[in-house]
1. When the chain is fully extended, how far beyond the present Cα-Cα distance does Glu40 get from Val61, taking 0.36 nm per residue of separation?
2. Please list 33-41, 56-64 highest first by mean number of surrounding beta-carbon atoms within 10 Å per residue.
3. Under 13 Å from the Cβ of Ile50, count the other residues' Cβ atoms, weight Lys and Arg +1, Asp and Glu -1, and hand me the total.
4. Using 7 Å Cα-to-Cβ label points, what is the Phe3/Phe51 separation (nm, one decimal)?
Amino acid sequence: RVFEKFAQIVSGVAHIGGTGLGLSISKALVHLQKGRMWIEGDSGSGATFIFTLPIHSAQSVEVSEVRTKPPADGVRPWWKNLLDFS
């Protein structure tokens, strides 16, 4: 549940604030890079958030192949896909 949007977990400490989006965004970014993210820990003793990312080797690209403007074919911006906005 901690990775869901707007989820806030109640603890014994006073609530500090926040929107409940941090872990959701983090997991989405890791997932977009073909990685994994999970939580480990015992109840009442805190938690550890762990993620892995694959190793990537960059390819050489000709300058003429680099786009300077987003495509005009109706492709949604990456941030709308990340946050699942319509």
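Every number in this text was worked out from the coordinates using simple rules, so none of it is lab data. Remember, predicted model here, so these are calculated numbers, not experimental data. Cβ placement follows ideal geometry from the backbone for every residue including glycine, while neighbour counts extend to all protein chains displayed.
1. The span from Glu40 to Val61 would gain 3.6 nm if fully extended.
2. Numbers: 33-41: 11.8, 56-64: 5.6.
Top to bottom by mean Cβ count within 10 Å: 33-41, 56-64.
3. Numbers: positive: Lys27, Arg36; negative: Glu40.
That sum, taken over residues with Cβ under 13 Å, equals +1.
4. 1.1
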